[in-house]
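Single-structure report; data block below.
Every number here is computed from the coordinates shown, using simple stated rules; none is lab data. These numbers come from a predicted model, not from an experiment. Backbone-built Cβ (ideal geometry, glycine too); neighbour counts: all protein chains shown.
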Amino acid sequence: MSGMNTVIRVENLSKQYRLGKVGVGTLVEDFQRLWHKMRGKEDPTLALAEKNDRSTVGESNFVWALRDINFEVGRGEVLGIIGKNGAGKSTLLKILSRVTEPTTGSIKIKGKVASLLEVGTGFHPDLSGRENIFLNGAVLGMTRAEIKSKFDEIVDFSGVERYIDTPVKRYSSGMKVRLGFAVAAHLEPEILIVDEVLAVGDAEFQRKCLGKMKNVAGHGRTVLFVSHNIFAMRSLCSRALLIDSGTIVSDGGADEVANEYIAATRLIGDDQHAFQWETGGDFSDGRYVRARVETGDELITIDSGIKVRVTVDMKEIDALDPVAVVIHLVNEEDVIVFSTSNLQYNAVLLEAGSNELTCGIPAHLLNSGTYRIRIAAVKAGRQIYRQDDVLSFTVNEKSEPGIANYNRRSGIVRPRLEWSAKRPV
Amino acid sequence: MKDNDESWDIEVTARQSLFSFRFSEVWRYRDLLVLFVKRDFAAIYKQTLLGPLWFFIQPMLTAITMTVVFGRIAGLDTAGYPKIVFYLSGITAWTYFSECLIKTSSTFVANQSLFGKVYFPRIIVPLSVVVSNVFRFGIQLLMLFGLIIYYNIAGIRIVPNEYLLLFPVLLVLMAALGLGFGMFLSSLTTKYRDLQFLITFGVSLLMYLSPVIFPLTAVKDPFWRDVLIANPMTSIIETFRYAVLGGQGEFTLWLPLAYTTGFTIVLFMGSLFMFNRVQRSFMDTV
């Protein structure tokens with residue numbers, strides 16, 4: 001991907017952030033920096049920075065949000081950037097959108113860029129929808145003439161014709177999002193940079209947005225799509241970057257990178273990555289929960305069933321308020337397919353010491369698709385622990401010869417039910 | 001069509017040349033500037049009954065207050081001009097400068113949510129403030145001229161003289177001064193907010209050290225006269241008044257005006273440089 005088709009080139013990009021408060025200390029650092037700069041030496045704070053790991057307390061106040069990022073994007077490519085929260089995706093996006101500058105390194109871009117980090121940027125509540133279309137469009141880099149020529153289309157796409165001369169502050173939040181996305185959808189940049197704006201709005205609207213983005217990508221324009229939703233990314237992108245702790249861990253086909261991300265996410269459940277109860281109080285120390293999938297295979301046919309095993313270490317047990325371990329199964333549309341707990345039906349109680357809870361999801365229940373598991377622990381009606389996306393797996397239809405291969409049935413589940421027919425004799 | 005590999009449209013590097021200001025980019029975003037000006041106008045007087053009438057009422061009330069307090073009660077000299085015209089002319093010019101300064105000084109802090117989400121040349125925001133204030137200034141000038149016409153009808157001759165030709169220069173100087181101070185302060189307040197508390201105080205101090213309330217001729221002590229002239233707004237207000245109210249006697253302000261021009265150029269270039277530096281990374285510290 002070099003030569004004349006490269007439209008974005010990122011070289012040795014790093015970004016350092018300072019943690020903590022602004023105070024006298026920062027003023028001292030500013031003077032140190034200025035003093036070193038005046039003598040032509042390197043900024044001393046750069047050497048102090050360390051790897052950005054949220055969960056451990058570092059020794060330095062400086063962290064690298066991004067460290068030595070290098071990649072190129074070719075014309076017409078649809079590149080997904082995935083990673084956990086805090087991995088550095090948003091920082092990369094901010095630098096590419098020129099909202100902030102890198103600490104070291106460079107980015108080079110060819111062509112007109114529009115970046116969409118938010119829907120409806122710059123809306124003024126007192127102005128009407130009509131006035132805000134112009135304002136928002138201009139903020140995103142359109143000229144007045146361009147907006148004018150697309151005005152009717154924008155209004156049409158947004159579906160808020162009736163309120164177009166009403167101040168935006170009277171709009172519902174959904175209407176605002178619609179109007180904002182309608183403007184953004186009619187930008188015609190050569191390079192489109194999109195953050196997880198799709199996370200807002202209802203499912204129908206998200207589909208509309210995804211459709212529009214596919215459309216943009218289909219017209220030979222370059223799209224950079226940042227997300228931690230691997231499902232949206234998989235369906236949109238041809239190539240993906242996986243970012244972790246500020247560095248690129250993997251760069252390749254969207255499917256392979258997505259699988260790697262799933263595998264990396266699964267690591268959370270490994271013994272060495274055990275995590276603590278999230279809230280303080282009487283659950284604060286020494287109580288861990290671990291989760292692991294029994295099958296070990298990400299691709300499961302619908303007739304194989306799944307076992308989920310959760311390990312919980314308890315120091316002591318309160319017989320009056322037993323701890324409930326709750327599992328949510330979440331599908332691609334973020335719908336909770338079911339919620340189950342060890343206290344439901346035949347209560348399985350936790351004991352002091354190590355507990356290994358196993359939960360079996362029956363075969364022939366789930367529809368084809370990708371699922372994530374969310375684990376929570378509840379005590380006395382209070383959520384004391386929660387971890388989203390502890391693991392993920394894909395359910396595939398087993399194709400049988402001679403039977404039409406339905407990719408996916410309608411409906412959330414596809415249980416095997418008993419059918420029978422009675423024929424009059 | 002063969003693209004040259006090195007012909008990048010946008011290049012962002014950690015270290016850019018000290019003064020990398022792209023005028024062409026600002027020009028490309030001119031529509032945004034116009035829309036920001038419109039937004040300012042529409043937004044300020046939405047949900048007010050009197051609307052744009054406030055443009056007239058505000059300076060008029062200030063001029064009346066000054067006439068009563070400084071003119072009548074304290075009995076300060078107004079260089080032979082009718083008191084209300086004297087004060088109104090001073091306030092009109094001063095308001096333009098101070099509004100530009102105060103509004104632009106909060107550029108980064110007030111627009112952080114917008115600046116954090118989308119890139120456009122940040123200077124568009126302070127420029128739009130200066131432009132929308134020109135309209136306000138124009139409206140207030142009309143009121144001043146209305147008052148002058150009224151006095152002429154009432155038999156008190158006030159005739160603007162040929163120094164009115166300097167008006168465009170004065171306008172540019174005031175705009176550049178307000179913008180210069182404002183950009184300088186906005187760049188400093190992104191990380192340390194302490195200055196914010198001093199701005200209103202500083203601006204009113206600067207007003208008392210300018211000939212808004214009393215004419216420069218009333219200051220006899222040469223030291224204080226120099227202090228007043230050191231204020232770059234002094235020569236602008238004096239010249240403005242001399243031109244609009246048809247000042248008598250010789251025009252003695254060429255030297256102070258030259259000083260103000262030099263001061264403005266240095267301040268403006270310096271603050272443009274600072275603003276340009278800060279805009280690239282202020283999101284990390286604001």
In whole angstrom, the spacing between the Cα centers of the range A:321-378 and the range B:45-69 equals 67
Net charge (Lys, Arg +1; Asp, Glu -1) of residues whose beta-carbon lies under 10 Å from that of residue A:235, residue A:235 excluded, is +1
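Can you classify the range B:216-284 as rounded, prolate or oblate using the Cα gyration tensor, where a ≥ b ≥ c are the square roots of its eigenvalues, rounded means a/c under 1.5, and otherwise it's prolate if a/b beats b/c and oblate if not? The partial results should precede the final answer.
Details: a/c = 3.39, a/b = 2.46, b/c = 1.38.
Judged from the Cα gyration tensor, the range B:216-284 comes out prolate (a/c at least 1.5, a/b above b/c).
Using a/c under 1.5 as the rounded threshold, could you call the range A:87-140 rounded, prolate or oblate? The axes a ≥ b ≥ c are square roots of the C-alpha gyration tensor eigenvalues, and prolate needs a/b larger than b/c, oblate otherwise. Before the final figure, lay out each step's value.
Values: a/c = 3.47, a/b = 2.21, b/c = 1.57.
Taking the square roots of the gyration eigenvalues as a ≥ b ≥ c, the range A:87-140 is prolate.
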Computed from the beta carbon distance with a Förster radius of 51 Å, FRET efficiency for residue B:221 and residue A:19 to the nearest 0.05 stands at 0.40
The alpha-carbon pair-distance distribution computed for the range B:140-286, with 5 angstrom bins and whole-percent values, is 2, 9, 14, 18, 17, 14, 11, 7, 5, 3, 1, 0, 0
Between residue B:41 and residue A:34, the two model label points (7 Å from Cα along the beta-carbon direction) sit apart by a distance in nm of 4.2
Flagged as over-length at 27 Å C-alpha distance, from A:148/A:214; A:212/B:38; A:15/B:103; A:150/B:103; A:94/A:214, the pairs are A:212/B:38; A:15/B:103; A:150/B:103
The answer for chain B, counting only DSSP H helices whose Cα atoms cover 30 angstrom or more along the axis and whose Kyte-Doolittle average is -0.5 or greater, is B:83-105, B:124-153, B:167-189, B:254-279
Distance in Å, no decimals, from the C-alpha centre of the range A:92-136 to the one of the range A:147-183 is 19
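Return the FRET efficiency for the residue pair residue A:413, residue B:7: r is the Cβ-Cβ distance, R0 is 45 Å, and the value is rounded to the nearest 0.05. Working shown, then result.
Values: r = 55 Å, r/R0 = 1.23.
E(calc), rounded to 0.05, equals 0.25.
With loop defined by DSSP as not H, G, I, E or B, and exposure as at most 15 other Cβ atoms within 10 Å, which is the longest segment of chain B clear of exposed GluC sites (Glu not before Pro)?
Working: sites that count: B:6, B:250.
Answer from the scan: B:7-249.
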GluC sites (Glu not before Pro) in the range A:336-401 lying in a DSSP loop, each with at most 16 other Cβ atoms within 10 Å of its Cβ, come to A:351
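Report, in deg cm²/dmol and to the nearest 500, the calculated mean residue ellipticity at 222 nm for chain B, where each DSSP H run with n ≥ 4 adds -39500 (n - 2.57) and the sum is divided by the residue count. All intermediate terms of the calculation are to be shown ahead of the outcome.
Values: 12 runs with 181 residues, N = 286.
Taken over chain B, the calculation gives -20500 deg cm²/dmol.
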Within the range B:189-260, DSSP-loop trypsin sites (Lys or Arg not before Pro) with at most 15 other C-beta atoms within 10 Å are B:193, B:220
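Once you order the gyration tensor axes a ≥ b ≥ c over the Cα atoms, which shape class does chain B get: rounded for a/c under 1.5, otherwise prolate or oblate by comparing a/b with b/c? Display every interim value, and only then the final one.
Details: a/c = 2.08, a/b = 1.83, b/c = 1.14.
Cα axes put chain B in the prolate bin.
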Expressed as a whole number, the average count of other chain Cβ atoms within 10 Å around the Cβ atoms of B:116-126 is 5
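Tell me, what is the percent relative contact order of the range B:23-284, built from C-alpha pairs under 8 Å that lie six or more residues apart?
On the way: 274 pairs, mean separation 70.5, N = 262.
In percent, rounded to a whole number, it is 27.
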Net charge near residue A:143 (other residues with Cβ under 13 Å of its Cβ; Lys, Arg +1; Asp, Glu -1) is +3
